[in-house]
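A.B. asks: For reference, the structure I am asking about is given below.
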Amino acid sequence: MAGPVVLLTGGTGGAKLARGMLEHAAGDLVVIANTGDDIEIYGTHVSPDPDLCAYRLADLIDDRGWGLADDTFEAMAQRRADGEEIWFNLGDRDLAICKHRAQLLDQGATLTQALADLTAQLGITEAKILPMSDSPVRTRVRARDREIGLQEFLIREQGAGPIQDINFSGIEHAAATDEVLEAIACARAIIIGPSNPIISIAPILAVGGVLEALAAARAAVVAVSPIVAGTVLKGPTAACMQWAGLSVDAAGIAEHYRSVIDGLVCDEQYDLCPSLRTRTRMDTLDQAMSLAYEILRFAQGLSQ
């Protein structure tokens, strides 16, 4: 089956899988990235999930797992010296990219166009990164009787639960772009990455038109569990799933996606839907490439 490999994703695990997929997608990878994490700060527009994917695809990711390799932080140091509280850290090159994006958006560009500009700057030619929507959506979390933006929850609050509520501000006005709908319709495989199902993937699925497009797609939809060896590797996935009433395991992931997926990839035994049990940890690029290959074989087998 011809068509792109489409990856719905957000966060570290999804970005690692995107890089692994790049080796097997024959120059036709489309990443549909969560933008509910976006934040306007320091006069910039930061898109953490799309940027994380872009830096990973361009092999420019820093060893920290975010930001650009060998970036400097002089601008943040100067702000601190001037007495400003800095809780959201951006490297100097990262800051310049985000300022340029803000300028493009102020000039009337869409977020889709701004992300295309970024991938061109970084020399990414074999993949597209699409925002889930060109309309702004902001994920907000209520914890300890206070509602805050997602970045503040993740960074200042260290993602600590229990979580009382999660909402996607602006989602009622957000619609999938033509580019997103076309990619899903033409895909030869559709993968939901090993990302937090509540704050990374649920915003994408909540965008107007996305669920309908997935239901109508000719390709199978396969989810990859972010639960590795019975635990969460990074971030507040457990707290989010507990808030949603889901068990923190493959069964909980399958339950969350039950109306969407045709199959599940996980590292534990699961028999209630078509599943592929395999190693899902991606500590190296070779591991990410191997996992991507297995996922594509599994997904395309389900599509036949």
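Taken together, the values in this text are just the output of simple stated rules run on the coordinates, not laboratory data. Because the structure is predicted, anything quoted here is derived from the model rather than measured. Because the Cβ atoms are built from the backbone with ideal geometry, glycine has one as well, and the counts that use them run over all protein chains shown.
A.B. asks: Between LEU181 and GLU147, what is 0.36 nm times their sequence separation minus the Cα-Cα distance? Round to one decimal in nm.
C.D. replies: 9.0 nm
A.B. asks: I would also like to ask the following. So for region 1-124, what are the equivalent ellipsoid semi-axes in whole Å, largest first, each being the square root of 5 times an eigenvalue of the Cα gyration tensor?
C.D. replies: In descending order, the three semi-axes are 27, 16, 12 Å.
A.B. asks: Give me the angle, in degrees from 0 to 90, between the Cα long axis of helix 111-121 and the longest principal axis of the Cα atoms of the chain, rounded to the nearest 10.
C.D. replies: Roughly 80 degrees, rounded to the nearest 10.
A.B. asks: Over the Cα atoms of region 250-304, what Rg and Dmax result, in angstrom?
C.D. replies: 11.6, 32
A.B. asks: Hey, what angle do you get for helix 48-57 against the long axis of the chain, alpha-carbon based, 0 to 90 degrees rounded to 10?
C.D. replies: 70
A.B. asks: Once you've got the GNM for the chain with C-alpha springs shorter than 10 Å, pick whichever of CYS240, CYS186, CYS266 has the biggest mean-square fluctuation.
C.D. replies: CYS186
A.B. asks: Counting just the Cα atoms, what span does region 69-227 cover along each of its three principal axes? Round to the nearest Å and put the largest first.
C.D. replies: 56, 41, 31
A.B. asks: Hey, fewest Cβ within 10 Å first, where do THR35, THR119 land in order?
C.D. replies: Ranking THR35, THR119 by Cβ neighbours within 10 Å, fewest first, gives THR119, THR35.
A.B. asks: Can you give the convex hull volume per residue for the Cα atoms of region 167-286, as a whole number of Å³?
C.D. replies: With only Cα atoms used, region 167-286 gives 122 Å³ per residue.
A.B. asks: To make sure I understand, if each residue's beta carbon is the centre and we count other beta carbons within 10 Å, what order do LEU122, LEU150 fall in, fewest to most?
C.D. replies: LEU122, LEU150
A.B. asks: Over the chain, with a Gaussian network built from C-alpha contacts below 10 Å, which listed residue (SER259, SER135, SER195) shows the highest mean-square fluctuation?
C.D. replies: SER259
A.B. asks: So how do TYR42, TYR257, TYR293, TYR55 line up by other beta-carbon neighbours within 10 Å, fewest first?
C.D. replies: In order of increasing Cβ crowding within 10 Å: TYR293, TYR42, TYR257, TYR55.
A.B. asks: Something else now. Taking 0.36 nm per residue of sequence separation and subtracting the Cα-Cα distance, how much length would be gained by fully extending the chain between LYS234 and ASP283, in nm to one decimal?
C.D. replies: Gain on extension, LYS234 to ASP283, equals 16.4 nm.
A.B. asks: Using R₀ = 22 Å, calculate the FRET efficiency as 1/(1 + (r/R₀)^6) where r is the Cβ-Cβ separation of ASP165 and GLU85; round to 0.05.
C.D. replies: Working from the Cβ atoms, E equals 0.25.
A.B. asks: A further question on this structure: Would you calculate the convex hull of the Cα atoms in region 222-264 and tell me its volume per residue in Å³?
C.D. replies: Taking only Cα atoms, region 222-264 has a hull volume of 64 Å³ per residue.
A.B. asks: Follow-up. What is the pair-distance distribution P(r) of the chain, computed from all Cα-Cα distances in 10 Å bins starting at 0, with each bin given as a whole percent?
C.D. replies: Once binned at 10 Å, the Cα pair distances of the chain give 6, 29, 37, 22, 5, 0, 0.
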